[in-house]
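FYI, it's all coordinate maths here, none of it is from the lab. Everything numeric here is computed off the predicted structure, so don't read it as measured data. So basically every Cβ, Gly included, is an ideal-geometry build from the backbone, and we count neighbours across all protein chains shown.
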Amino acid sequence: MVKNASNDEVFNAIIKNHWGRIIALLSNILHDIELAEDVMQDAIESALVHWKKNGVPEKPEAWLFTTAKHKALDNLRRNKNFQSKINQYKQLLEVDYSTKKEDEYSIPDERLRLIFTCCHPALEQNVSVALTLQLLGGLTTVEIANAFLVKKETMAQRLVRGKRKIKLAGIPYVVPEQFQQRLDLVLKVLYLIFNEGYTASNGDHRFDLCHEAIRLTEILLKLCPKEAEVKGLLALMLLNDSRRSSRFAKDGGFVSLENQDRSLWSLSQVRRGQQLIQSALKQKYIGPYQLQAAISAIHSEAKDYDSTNWQEIILIFDELLKVNASNVIKLNRLVAVSELNIDDVLLKELNELEVDLNSYQPFYAVKADFLVKLRQYDAAKQSLSKAISLTNNSQIIHFLQNKLNLLHKS
């Protein structure tokens, strides 16, 4: 028995590190996510009683799986159709978690199936995000609801609706034959989770969501080690997250990339991100996440903001626009161009994006910066006010308000 760790510590570790594996294995055998969750919850409740009395077992994850398996069998035996489906449950009767070797990825293979199930195109995108966080990340309904600023009841309904659709529509627990096409959906969901934590469109920044997205992408990379875009996405997340400690001042205010103390950047994340993107680009299958990661890598290589290789960044943006010609990418490219030269022509290009980005807060923050550089201060004040009105993030509001106050004083 393990005596040097509290039950709470062990529970938290299991939920984060093993919840997704056990749920995936049970779900793929039972073909019923809700039943898998129910028996897992029952197993945890049993653990609370037994571990408090007898201590934490040497392999708590195996204990939990075995207990959940027995509870699932008890549940199924009470069903009058159990005998007719005995062959269907033969795998559940025989499987033993403790015999599974991590390096064989027998359990992670099940997890890969569940990732693709959560991100099936028949499910709404917000449902896919929620299911991925709950089933593979082990986050509670309350945690997910808080992250996306919706009521607990709303998120609960969203999760139930998704699980029922998987069951009623017979969405298979398989890695699809059209792997590459579906992988794009999986990557998009993981990127959305990270981006929500990093940019905090609905409120203050959520670093726990960034961490969860990175952890889930690490899992995906282990399962798909040759996929260049998985490497690219993980590199992008790590390189962006490496700046976490420098992005906020002591008073909690947001700090722009230009003014960040780069000595605070996480060197371990920077190095791993750079290694991943170098490895991905060598495979010569270039995708949007790799290109975005390459841009972040250039920032990470510069000793300071002034020495950033903006010309190289612009060239990468040109390539990125070939695969993703979104207005947000166009906006970011114009920002890079403005670091080399800014004039009325560039401002005109920026204004052409306003029709489609008129509810996008960063657009007006960028426009204000352009206008300040062109000494059009009154127009810059209007853009800053517009930007402030379009965000609920208190840190960004504080940052933009300080800029506006400086303009009023000048």
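For the reader, a short list of remarks on this structure follows.
- Structural descriptor for the chain: relative contact order 11 percent, calculated from alpha carbon pairs under 8 angstrom and at least 6 residues apart.
- Acute angle (nearest 10 degrees) that the helix 7-17 long axis makes with the longest principal axis of the chain, alpha-carbon atoms: 70 degrees
- Tilt relative to the chain, helix 60-77 - C-alpha long axis, 0 to 90 degrees, to 10: 60 degrees
- Using a Gaussian network model of the chain in which every pair of alpha carbons under 10 angstrom is joined by a spring, one finds that among Leu346, Leu291, Leu236 the greatest mean-square fluctuation is at Leu346.
- Using only side-chain charges placed at the Cβ, +1 for Lys and Arg and -1 for Asp and Glu, the dipole size of the chain relative to its Cα centre rounds to 880 debye.
- When the charge dipole of the chain is built from unit charges on Cβ atoms (+1 for Lys and Arg, -1 for Asp and Glu) and taken about the Cα centre, the candidate among Phe65, Leu353, Gln260 whose Cα reaches farthest toward its positive end is Phe65.
- Per-peptide average of other Cβ atoms within 10 Å, ordering 281-288, 48-55 highest first: 281-288, 48-55
- Separation between Cα centres of the stretch 283-337 and the stretch 155-188, rounded to whole Å: 32 Å
- Look at Leu139, Leu400, Leu321 and count the other Cβ atoms within 10 Å of each Cβ; fewest to most, that gives Leu321, Leu139, Leu400.
- Subtracting the Cα-Cα distance of Leu73 and Val255 from their residue separation scaled by 0.36 nm leaves 60.1 nm.
- Cut-off under 5 Å, modelled amide H: who pairs with Val56 long-range: Val2
- Rounded, prolate or oblate (a/c below 1.5 giving rounded, otherwise prolate when a/b exceeds b/c) for the stretch 351-410 by Cα gyration tensor: oblate
- On Cα atoms only, tilt of 33-54 relative to the major axis of the chain in degrees: 70 degrees
- For the chain, built as a Gaussian network whose Cα springs stay under 10 Å, the top-fluctuating residue of Arg375, Arg333, Arg158: Arg375
- Ranked Asp318, Asp369, criterion: other C-beta atoms within 10 Å, fewest first: Asp318, Asp369
- Dividing the summed -39500 (n - 2.57) terms of all DSSP H runs of n ≥ 4 by the residue count of the chain sets its mean residue ellipticity at 222 nm at -21000 deg cm²/dmol.
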